[in-house]
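*Asks:* Dropping the structure in here first, questions after.
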Amino acid sequence: MTDMTGQVALVTGGIRGIGAAISTRLARRGVTIAAGYSRDKVAADRFAETIPGSTTHQGNIGNNDDCERVVREVLDQHGRLDILVNNAGITLDRTVRRMSAEEWDRVIQVNLSGAFYLIRASLQHMLDRGSGRIVNISSVIGEAGNIGQANYAAAKAGLFGLTMSLAQETARKGITVNSVAPGYIATEMVAAVPAAAMEKVLAKIPAARLGEPDEVARVVEFLADPDSSFITGQIYAVNGGQHM
């Protein structure tokens, strides 16, 4: 494996669940981690203790000013930004008939616009360096849809379009842009699904189990590797065969 020591990665939602697994796996490769989080400073500080040299950065990913500030913080503290992993996301589930405009707007703002804000804030630095890795964490829901999750599905599907468009814009400039689409992964978000509903979910997964956060992180590590320079504009599914 290529030595990644000295590289810096900003991982949003990087202190728990899939984000924590990504942060941990990249750190094992020598990458310095800048983990983004929204509210829980105690949890962020606790997580930072597990990865020497890492920093944590609080911000509202749905706010452009916050995203620009966080990127500036990372560059000020570490001097470079090589890898951006847009992982943070929220759910506000309700059927379309009952979904409020605010619930729609909030999920789109955080899950889709937030990725755009962070990419735009990071891109010039990567262009100036002539290298960069951007990985957008989407979802199987963005590919297949789901009852009660039109806002989430639309945002996650939007990440595919953002990924492919930006990949074409940056392919000749040393920057790759890819998307990873996890299925149901054993995280706090999935743990909140009622048992009866989870039984129905598992019945639709050929692998007959939930995925593990590290199984997603392995794919992100692969895409972030300097040797993956000919892979861009792609969607990698990690869903146990739920959607093919």
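The values are calculated or read from the model by the stated rules, or taken from the named source; none is laboratory data. All figures in this text were calculated on a predicted structure; none of them were measured in a lab. Methodologically, a virtual Cβ is constructed for each residue, glycine included, from the backbone with ideal geometry; neighbour enumeration extends over all protein chains shown. The area values use the complete protein model at the heavy-atom level, side chains included, leaving out ligands, DNA and RNA. Shrake-Rupley method; radii C 1.70, N 1.55, O 1.52, S 1.80 Å.
*Asks:* Name the single residue, out of those in region 210-244 being farther than 27 Å from Gly30 by Cβ and in contact with a Phe, Trp or Tyr (Cβ under 9 Å, 6 or more places away or on another chain), that is most open to solvent (accessible area, probe 1.4 Å).
*Replies:* Checking each candidate, the answer is Ile235.
*Asks:* Specify the residue that is surrounded by the most Cβ atoms within 10 Å (Cβ to Cβ); the eligible residues are those in region 91-107 that are in a loop (DSSP other than H, G, I, E, B) and among the β-branched types (Val, Ile, Thr). Before you say what the answer is, go through the steps one by one.
*Replies:* Taking region 91-107 first, the residues in a loop (DSSP other than H, G, I, E, B) are 91-100.
Next cut, among the β-branched types (Val, Ile, Thr) only: 91, 95-96.
Working: Thr91: 18, Thr95: 10, Val96: 11.
Once the filter is applied, the top-ranked residue is Thr91.
*Asks:* Here's another thing I want to ask about it. Any idea how many residues of region 114-145 are closer than 17 Å to Val180 by Cβ and either crowded, with 19+ Cβ neighbours inside 10 Å or without any contact (Cβ under 8 Å) to a residue 60 or more places away in the chain (or both)?
*Replies:* Counting residues in region 114-145 that are closer than 17 Å to Val180 by Cβ and either crowded, with 19+ Cβ neighbours inside 10 Å or without any contact (Cβ under 8 Å) to a residue 60 or more places away in the chain (or both) gives 16.
*Asks:* Under 9 Å by Cβ, and 6 or more places apart or on different chains, what pairs join a residue from region 187-209 that is under 17 Å from Ala144 (Cα atoms) with one that is of a type in the set (A, V, I, L, M) and exposed (fewer than 10 other Cβ atoms within 10 Å of the Cβ)?
*Replies:* Pro206/Met244
*Asks:* Within region 63-119, count every residue that is under 30 Å from Asp214 (Cβ atoms) and either among the charged types (D, E, K, R) or in contact with a helix residue (DSSP H, G or I) (Cβ under 7 Å, 6 or more places away or on another chain) (or both). Can you show your working first?
*Replies:* Our first condition is that a residue be under 30 Å from Asp214 (Cβ atoms); within region 63-119, this holds for 66-67, 70-71, 73-75, 77-93, 106-119.
Next, from what is left, pick out any that are either among the charged types (D, E, K, R) or in contact with a helix residue (DSSP H, G or I) (Cβ under 7 Å, 6 or more places away or on another chain) (or both): 66-67, 71, 73, 75, 80-93, 106-108, 111-112, 114-119.
Residues in region 63-119 being under 30 Å from Asp214 (Cβ atoms) and either among the charged types (D, E, K, R) or in contact with a helix residue (DSSP H, G or I) (Cβ under 7 Å, 6 or more places away or on another chain) (or both): 30 in total.
*Asks:* I've got another one for you. Within the group Thr176, Thr170, which residue is more than 18 Å from Glu143 (Cβ to Cβ) and part of a strand (DSSP E or B)?
*Replies:* Within the list Thr176, Thr170, the selection yields Thr176.
*Asks:* Only one of these is open to solvent by 20 Å² or more (accessible area, probe 1.4 Å), over 15 Å from Ile134 (Cα atoms) and in contact with a Ser or Thr (Cβ under 6 Å, 6 or more places away or on another chain): Gly53, Gly79. Name it.
*Replies:* After applying the criteria, what remains is Gly53.
*Asks:* Also: Counting only residues that are hydroxyl-bearing (Ser, Thr, Tyr) and more than 22 Å from Ile231 (Cβ to Cβ), how many does region 152-211 have?
*Replies:* Going through region 152-211 one residue at a time, the tally reaches 3.
*Asks:* Condition first: touching a residue at least 12 places away in the same chain (Cβ under 8 Å), surrounded by 15 or more Cβ atoms within 10 Å (Cβ to Cβ), more than 21 Å from Asn178 (Cα to Cα) and not hydroxyl-bearing (Ser, Thr, Tyr). Can you find one or more residues in region 5-26 that meet it?
*Replies:* yes
*Asks:* Considering every residue within region 146-167, establish whether at least one is out of contact with any Leu (no Cβ under 6 Å at 6 or more places or on another chain), open to solvent by less than 10 Å² (accessible area, probe 1.4 Å), more than 17 Å from Pro182 (Cα to Cα) and outside any helix (DSSP H, G or I).
*Replies:* no
*Asks:* Out of region 187-214, which residues are more than 11 Å from Val238 (Cβ to Cβ), over 16 Å from the mean Cα position of the chain (by Cα) and part of a loop (DSSP other than H, G, I, E, B)?
*Replies:* Ala192, Val193, Pro194, Lys204, Ile205, Pro206, Ala208, Arg209, Leu210
*Asks:* Something else about it: Find all pairs meeting these conditions: Cβ atoms under 7 angstrom apart; at least six residues apart or on different chains; first residue within region 218-240 and more than 16 Å from Gly132 (Cα to Cα) and modelled with pLDDT of 95 or more; second residue open to solvent by 40 Å² or more (accessible area, probe 1.4 Å) and not charged (D, E, K, R).
*Replies:* Val219/Tyr236; Ala237/His243; Gly240/Pro206; Gly240/Ala207
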